[in-house]
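Quick note: the coordinates plus some simple rules give every number you see, no bench work behind them. Computed from a predicted structure; not experimentally measured. Glycine gets a Cβ as well: all are built from the backbone with ideal geometry, and neighbour counts include every protein chain shown.
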Amino acid sequence: VPFDQLDGEIWFNGEFVPWKDAKIHVLTHGLHYASSVFEGERAYGGEIFKLREHTERLIESGRILGFKVPYGADEIDDACNELLRRQGFTDAYVRPIAWRGSEMMGVSAQHNRINVAIAIWQWPSYFDPEQRMKGIRLDLAEYRRPDPRTAPSKSKASGLYMICTISKHAAEAKGYADALMLDWRGQVAEATGANVFFVKDGVIHTPTPDCFLDGITRRTVIELARRRGFEVKVRAIMPEEMEGFEECFLCGTAAEVTPVSEIGPYRFTPGETTRRLVEDYMAEVQPKRMAAE
Ligand code: PMP
């Protein structure tokens, strides 16, 4: 079934509309000029993990692109929760998106309406579950994450995903699950939809998010790792250093914590540290019921 023909509802500018009817005009500014920002969230056991942080990032992403999301954080949170309930899922993926509408055509879109929609669907595992335990294989992407002076890299802006789709398609064509992108300086940046971590001698290393998305999962994993007593070094990482790393994993809302076995010529063996963080993350995302005292 094509994705636009699913059953259920989509929250569209304040209303719940039938999934198939949630349509926009071909002259939508967001389509022509990529004036759109989005989020990716996951619900576990009926609760959306870190919902408020995602909603705040959506609003901030819009602000960076020069527009104001016309709903407050409480309204967006309520809409996500209500839609999750109406869709009848407990475990699901949540996709809010905000974009400039079709009132004016041209680079300038000062008076275009800012539209907001939320869709929720079931998206069990971003990477093939079988590969996932052994570690997935990544290619090295040809394109690089741009200099933050060149692109609004703090925004989860649709336009920034053009390079991700090109890189992911090129990797998939060669049989890889995904691609690792370097940044404009040649440092290790991130995968096409997830952040990257490495392990060596029990120490965890991850690149400084100064020109790519500072993932909410990334921050969660750093916190969990430090709580476990691991040292986490957030620093510039050159690709040649991958030669010496023992373990590698990706993390993101959709990817959760996914072990990596291969990046281009470099090899890793998913080990104890990765396994522990996979488990800690899965425990962390479960709704915190009131502890019986
Ligand atoms: N980098 C990119 C390019 C992404 O698309 C994502 C997924 N949103 C991430 C990193 C991870 O972000 P988060 O943990 O907030 O989902």
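In order along the stretch 262-269, the phi-based Karplus estimate (6.51 cos²θ - 1.76 cosθ + 1.60, θ = phi - 60°) of 3J(HN,Hα) comes to 7, 9, x, x, 9, 10, 9, 10 Hz; Gly and Pro are listed as x. Considering all different alpha carbon pairs of the stretch 3-121, the Kirkwood hydrodynamic radius works out to 14.6 Å. Peptides 3-16, 59-72, ordered by how many other C-beta atoms sit within 10 Å of their residues on average, highest first, read 59-72, 3-16.
As a proxy for reagent exposure, ranking 231, 130 by other Cβ atoms within 10 Å from fewest up yields 130, 231. Close amide-amide hydrogen proximity is noted between residue 10 and 17, 19, each under 5 Å apart and 5 or more residues distant or on a separate chain (H modeled in the peptide plane; Pro and chain starts excluded). Inverting the pair-averaged 1/r between distinct Cα atoms of the stretch 129-285 gives 15.4 Å as its Kirkwood hydrodynamic radius. From the P(r) of the chain, can you give the percent of Cα pairs sitting at distances over 28 Å? Summing the P(r) tail past 28 Å for the chain gives 40 percent.
Treating cross-link reach as a plain straight distance, find the aspartates and glutamates whose alpha-carbon is under 17 Å from the alpha-carbon of residue 200, omitting any fewer than eight places away in the same chain. Residue 200 reaches 231, 240, 241, 243, 246, 247, 262, 272. The string of couplings for the stretch 189-199 from the Karplus curve (6.51, -1.76, 1.60, θ = phi - 60°) is 10, 6, 8, 6, x, 6, 8, 10, 9, 10, 10 Hz, one whole number per residue in order, with x for Gly and Pro.
Return a whole-number percent for the relative contact order of the stretch 24-84, with Cα pairs under 8 Å and 6 or more residues apart as the contact set. It would help to have the intermediate numbers written out before the result.
Values: 37 pairs, mean separation 16.9, N = 61.
Relative contact order, the stretch 24-84: 28 percent.
Beyond 19 Å between alpha-carbons counts as too far, so tell me which of 20/68; 134/233; 68/156; 154/233; 156/288 fall in that bin. Long pairs (Cα-Cα over 19 Å): 20/68; 134/233; 154/233; 156/288.
Taking the Cα centre of the stretch 3-121 as origin, work out the dipole magnitude from +1 charges on Lys and Arg Cβ and -1 charges on Asp and Glu Cβ, in debye rounded to 20.
380 debye
Here the sum of -39500 (n - 2.57) over DSSP H runs of 4 or more residues, divided by the residues of the chain, equals -8000 deg cm²/dmol at 222 nm, to the nearest 500. Take 92-100, 140-148, 121-129, 185-193 and order them by the average number of nearby Cβ atoms within 10 Å per residue, most first; the result is 92-100, 185-193, 140-148, 121-129.
Dipole magnitude for the chain: about 440 debye, using +1 per Lys or Arg Cβ and -1 per Asp or Glu Cβ, origin at the Cα centre. In terms of surrounding Cβ atoms within a 10 Å radius of their Cβ, 158, 108, 35 rank from fewest to most as 108, 158, 35. Size descriptors for the stretch 223-293: radius of gyration and Dmax over Cα atoms are 14.7, 52 Å.
Could you tell me the distance between the Cα centroids of the stretch 61-109 and the stretch 195-234, to the nearest Å? Cα centres, the stretch 61-109 to the stretch 195-234: 29 Å. Within the chain, the selection of entire DSSP H helices by a Cα span of 15 Å or greater along the long axis and an average Kyte-Doolittle value of at least 0.0 returns 161-173.
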